[in-house]
Each structure stands twice: as C-alpha cells, then as structure tokens.
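The values are calculated or read from the model by the stated rules, or taken from the named source; none is laboratory data. The structure presented is a predicted model; accordingly, all values stated were derived computationally and were not measured. So basically every Cβ, Gly included, is an ideal-geometry build from the backbone, and we count neighbours across all protein chains shown. These area figures cover heavy atoms from the full protein model, side chains too; ligands, DNA and RNA do not enter into them. Shrake-Rupley method; radii C 1.70, N 1.55, O 1.52, S 1.80 Å.
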Amino acid sequence: MSVGRNVIVVGAQWGDEGKGKVVDLLTERSAAVVRFQGGHNAGHTLVIDGHKTVLHLIPSGVLHPGVQCLIGNGVVLSLAALDEELDMLAGAGVPARDQVRISPACPLILPSHIALDQARERARGGQAIGTTGRGIGPAYEDKVARRGVRFVDLVDPARAEAQLRELIDYHNFLLTAQFGVAAVDVEASVSQTLEQAARNLPLMADITATLAALRRDGANVLFEGAQGSLLDVDHGTYPYVTSSNTTAGGAATGSGVGPTWFDHVLGIVKAYTTRVGGGPFPTELHEEPGPHLANRGREVGATTGRARRCGWLDAVALRRAMVNNGVSGLCITKLDVLDELETIEICVGYRTASGKMLDELPAGAAALAPCEPVLERHPGWRQSTLGVRRWEALPEAAQAYLRRIETLLEVPIELVSTGAEREDTIVLRHPFD
Ligand code: GDP
Ligand code: IMO
Ligand code: MG
C-alpha cells in the first residue's frame with residue numbers, strides 16, 4: 001500500500017504571501033485540498049497561462065480536474081459567498097459543485113454578522129482593525145459563545161428558521177441598542193438563508209471521514225491555510241488580528257484529524273513583508289522603496305482592493321512564526337519583485353523604546369508597536385529573476401539573500417517563486433517527496 005502525505009501550507013507573515021499560487025502548483029500531486037479556518041476574508045490568486053482566478057472560500061486546488069476541495073469545520077461559511085464563487089467557477093467551465101464538500105459543523109456567516117462587523121469597526125474609529133468587513137469576527141464570536149447556527153442545522157428548515165430568528169433578533173438588538181445603526185431585515189435574511197440551504201446542502205459531507213478514507217487510499221492531501229501567522233488570534237499582533245487560529249495547529253482542529261496525521265508544514269514567506277489593515281508593522285517603508293515594492297509587487301488586496309502596506313523582510317517575527325507553526329520547509333515567494341533594488345534589507349532585531357535589543361519576538365507579539373527595526377543590508381542583483389525555474393539560473397546575490405533567510409530562520413528552503421504564473425517556480429525539494 002502506498003503511503004500518502006498530509007502537508008500543511010501556511011502563511012508566515014500577515015497574509016497574502018502567495019499561498020494560493022503554491023497550493024495550486026502542489027495540487028498537481030494531491031488528491032484533495034482542505035481549507036480549515038477563516039472564511040471569505042481570504043483572497044487567493046491563481047494565474048495559469050495569463051488567466052487570473054481569485055478564490056476566497058473554495059480551496060485553491062479547484063482548477064485541477066477531479067481534485068476534492070474540502071471545507072473543514074473550522075471555516076466560517078457564507079452561503080452567499082459560496083454561491084457567488086461556485087457560479088464564477090461554473091462560468092469559467094470549472095465543475096466546482098462536483099468537487100466541493102463542506103463540513104456540517106461549519107458556523108454560518110449571516111448578513112447580520114456582516115452588519116455587526118462593520119458597526120464594530122466604525123465604533124472603534126481610529127483604533128479600527130481594518131477588517132475585510134465580511135462578518136468573520138462576529139461569526140466566530142457566536143461559534144465560541146455556542147449560539148451560532150451551523151450548516152447542518154439547515155437540514156431541518158422549521159427548526160433552522162427558529163434558530164435563525166433568535167440569532168438575528170439578538171444581532172438586531174446589538175445593532176440598534178448598542179451601535180445605533182439600522183437593524184437587518186429578519187424575514188429577508190431567513191428566507192434567503194433557507195433558499196441558499198436548499199441549493200447547497202447536497203454539498204454537505206463528513207470531512208473527517210473523507211480524510212480518513214483518503215489516508216486509507218494512500219492519497220496525498222494539502223491543508224491550505226488562510227491569512228498568516230501574525231494574524232493568528234492567539235499568536236499574532238492582537239487585537240489587530242483575524243478571529244481564527246491561522247497557524248498550523250488549526251489544520252487539525254479545523255478539519256477534524258489529529259496532529260499525528262501531518263507529515264510536513266510548508267511556511268510561505270514573501271521575500272519582503274506586506275500588511276493590509278491596521279496594526280503594528282516594524283519594518284514598514286513609508287517612503288521608497290515601499291511604493292516601488294507596492295507597485296512592482298502589485299500589492300493590492302485580492303479581497304477588498306485596499307493598498308497593502310509594504311516593508312522589509314522581518315526575520316525576528318518570522319523566527320517566531322517558524323516555531324508557532326512548526327515549519328519544516330520554506331517557500332520564498334515574489335523574489336522577482338526585488339529585482340531592481342540596489343540594496344535589500346532584513347530586520348534581524350528590534351530596539352525597544354528603552355534602548356533594549358531584542359532578537360526574539362515576545363509572546364503575544366506585544367512589543368511590536370514601540371520597536372525600531374535593526375536592519376542588515378544586502379546587495380541587490382539588479383537583473384531579472386522573473387520566471388526563473390532553476391536555482392543555478394539565479395544571480396549570485398539572489399542566492400546569497402535566500403541563503404541568509406534560510407540561516408536566520410533555521411529552516412531549509414524547498415521552493416522559490418519567481419512569478420505569479422503556476423510554473424514560475426524553483427522546486428528544490430517537493431513537499432510530497
Ligand atoms: P495569498 O492570499 O497568500 O494566496 O496571496 P494573494 O493571492 O492574496 O497575493 C499574492 C499576489 O502575488 C497575487 O497577486 C499573486 O498572483 C502574486 N504572486 C504570487 N507569487 C508571486 C511571485 O513569485 N512573483 C510575483 N511577481 N507575483 C506573485
Ligand atoms: P489571505 O488568506 C491579508 C486581515 C484584515 C484585517 C484583519 C482582520 O488572502 O492571506 P477579518 O476580516 O479577518 O476580521 O480582518 O485580518 N486579513 C487579511 N490580510 N490576507 C488575508 O487573507 C486576510 N484576511 C484577513 O485586513 O487586518
Ligand atoms: Mg490573499
């Protein structure tokens with residue numbers, strides 16, 4: 001019997017590291033791809049022969065015919081976003097309805113969650129988190145408070161209707177009494193949700209059992225993280241985080257299989273750093289080459305269209321991410337974006353307001369805000385690496401930059417991405433080998 005591998009792919013920074021591209025590429029050797037946390041706040045971009053597809057909720061393996069795309073219990077599910085994405089894929093000739101299966105235990109995102117997310121953000125004023133406004137936080141709040149409505153609840157429409165009314169009434173109380181904004185239309189929300197349920201309940205399946213069957217068959221499976229390590233609700237730059245565990249441990253709890261099932265954790269690291277939304281960012285470049293990176297890297301949010309903040313690679317934060325995720329291999333992305341720079345810097349320490357030097361990120365990332373980065377300078381290569389697919393074809397200075405990252409993070413580089421296209425990738429060691 002052949003033995004399959006279960007590989008987790010996670011972002012090691014503040015999201016948008018290029019997870020979607022890498023998952024799509026690695027799916028060539030995978031029978032299934034599983035999302036285990038987050039929701040349609042994610043924006044994962046796939047580019048194949050110049051054709052761009054942006055996925056928010058559906059796993060990034062969907063463009064490979066026959067690959068199972070599983071949405072685990074850890075994902076918060078907007079049926080409206082699901083319909084939209086399935087329709088978009090069907091329009092492009094992708095039979096996604098045949099490939100996607102969804103856990104019965106997924107908590108639903110309702111229109112009132114979205115209204116609450118936006119009301120809470122407005123109420124925070126200058127302290128706003130800069131959420132994607134997709135209702136992610138409020139849906140997770142309801143899950144943990146044990147009052148959420150789950151996908152499986154929709155199987156019994158009469159009972160579901162009562163549950164939905166009770167929850168939306170509660171949301172409307174918060175919206176009107178606490179935030180002084182308009183209530184959502186209960187009747188419309190309930191009837192819309194029940195309609196969406198009728199269409200999508202056939203996609204409900206036991207994801208844990210599906211994964212167990214794949215394991216028995218010796219199949220390879222990819223677990224696709226959304227967001228990034230520094231947005232983790234426990235380990236990120238709280239409160240400027242998302243509301244789920246984005247780190248690799250979430251793959252177990254969010255899909256319903258135990259930690260001993262995982263063989264490898266691939267950490268995706270952008271060759272510099274970006275962040276969208278509020279919160280601390282020690283290596284942020286407000287002046288050049290920040291705008292150059294934003295422009296050359298096309299750093300515009302795939303979900304909200306917001307400009308991403310750009311800065312140097314932060315090895316201090318990344319070292320923490322290596323531990324938080326148990327990263328066993330690295331994929332460095334967007335190397336080509338650095339091609340024109342004369343000098344490239346890496347943050348190797350933080351100097352606190354009191355002059356103390358830190359080379360490790362403190363637990364909870366609490367000290368990020370008042371810190372000055374200590375930067376190490378590296379010569380640029382000033383030639384194109386776009387589309388390079390062999391390590392030997394990289395300029396020496398680019399090789400040296402990558403080797404320095406490997407040394408600082410104490411994890412081997414397995415893949416280097418040199419362009420948005422699926423095939424623009426150097427594979428040094430395949431995670432399924
Ligand atoms: P994700 O959320 O981690 O999947 O990343 P996003 O899709 O939000 O953002 C990554 C962006 O960079 C997308 O526009 C990708 O098409 C693009 N991209 C991915 N890898 C590379 C690369 O190696 N070079 C360049 N130039 N673009 C890349
Ligand atoms: P992918 O999977 C980058 C950020 C938001 C905000 C914070 C909380 O494409 O890497 P939320 O709506 O989740 O409550 O917002 O998290 N954020 C992301 N940033 N990439 C993402 O996903 C993100 N998903 C959420 O900008 O700062
Ligand atoms: Mg993204």
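For this structure, a couple of remarks:
- Sorted on the mean count of surrounding Cβ atoms within 10 Å across their residues, most packed first, peptides 423-431, 11-19 read 11-19, 423-431.
- For the chain, the spread of Cα positions along the three principal axes, ordered from largest to smallest, is 66, 57, 38 Å.
- Listed residues T343, T418, T333, most fluctuating in the chain (Gaussian network, C-alpha, under 10 Å): T343
- Scattering curve values for region 144-299, log₁₀ I(q)/I(0), Debye with Cα scatterers, q = 0.11, 0.12, 0.13 Å⁻¹: -0.76, -0.88, -0.98
- Helix 157-173 axis, angle to the chain major axis (alpha carbon atoms, nearest 10°): 60
- Taking every protein chain into account, the 1.4 Å probe leaves T176 with about 70 Å² of accessible area, to the nearest ten.
- Comparing L26, L341, L108 in a Gaussian network model of the chain where C-alpha atoms under 10 Å apart are linked, the largest mean-square fluctuation is found at L341.
- Rg and Dmax of region 217-298, both derived from C-alpha coordinates alone, stand at 16.1, 53 Å.
- Charge context of P373, other residues only, Cβ under 15 angstrom, K/R +1, D/E -1: -1
- Taking the C-alpha atoms only, the angle from helix 111-124 to the longest principal axis of the chain is near 50 degrees.
- Within region 178-233, the ratio Rg/Rh, alpha carbon atoms throughout and Rh by Kirkwood, equals 1.20.
- For region 87-141, average projected area of the Cα convex hull in nm²: 5.3
- Residue-level accessible surface for R147, protein heavy atoms, 1.4 Å, Å²: 90
- K356 versus R199: modelled label distance in nm, points set 7 Å from Cα along the beta carbon direction: 5.5
- Unit charges on C-beta of K, R, D, E only; dipole of the chain, Debye: 420
- Spin-label model, A80 to A158: label points 7 Å out along the Cα-to-beta-carbon direction sit 2.9 nm apart.
- For the chain, the longest principal axis of the alpha carbon atoms and the long axis of helix 315-325 meet at an angle near 50°.
- Cα-based Rg of region 269-427 normalised by 2.2 N^0.38 Å, two decimals: 1.02
- For region 111-200, the Kirkwood estimate of hydrodynamic radius, built from reciprocal distances between every pair of different alpha carbons, is 13.7 Å.
- Taking each residue as 0.36 nm, the span from E166 to E392 lengthens on full extension beyond its C-alpha to C-alpha distance by 75.1 nm.
- Solvent-accessible area per residue in region 316-421 equals 45 Å², computed with a 1.4 angstrom probe and all protein chains kept.
- Annotation: the antiparallel percentage among DSSP beta bridges lying fully within the chain is about 40.
- Of all the options A226, A353, A115, the one that moves most in a Gaussian network model of the chain with Cα springs shorter than 10 angstrom is A353.
- Surface accessible to a 1.4 Å probe, per residue, for the residues of region 111-200, Å²: 51
- Carbon + sulfur, % of accessible area of the chain - ligands and nucleic acids excluded, 1.4 Å: 51
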